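Some notes on the structure that comes next.
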Amino acid sequence: MYPRIRALREDKDLNQTQVAKMLNMSQTGYSKYETGENDIPTHVLIKLAKFYDTSTDYILGLTEIKQPYK
């Protein structure tokens, strides 16, 4: 899961500070999600899926399909 949120961010050419700002949190706090130091709360997971136009299942590694559910 953690490498996926980093890859999604990098695919959009964003830095951690930009994503952290969208989530209303610090860059340091967001960085801990990408490294797996902190678990991602459900509400943040949902925000990330919507932001990257993907599914929570993709972020969690349960599917290889990036497209969100209809």
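I want to confirm something. Restricting to region 18-70 and keeping residues that are part of a loop (DSSP other than H, G, I, E, B) and charged (D, E, K, R), which single residue is farthest from Y2 (Cα to Cα)?
K70
Which one of these is within 12 Å of the chain's Cα centre (by Cα), surrounded by fewer than 16 Cβ atoms within 10 Å (Cβ to Cβ) and not aromatic (F, W, Y): T35, T56, T17, T63?
Unique residue meeting the criteria: T35.
Does region 53-63 contain any residue that is touching a helix residue (DSSP H, G or I) at 6+ places or on another chain (Cβ under 9 Å) and at positive phi?
Looking for residues that are touching a helix residue (DSSP H, G or I) at 6+ places or on another chain (Cβ under 9 Å) and at positive phi, one finds at least one in region 53-63, hence yes.
The numbers here are math on the coordinates, done by the rules we state, and not lab data. On a predicted model such as this, the values are computed, not experimentally measured, just so you know. Using ideal geometry, Cβ is built from the backbone for each residue, glycine included, and neighbour counts are taken over all protein chains shown.
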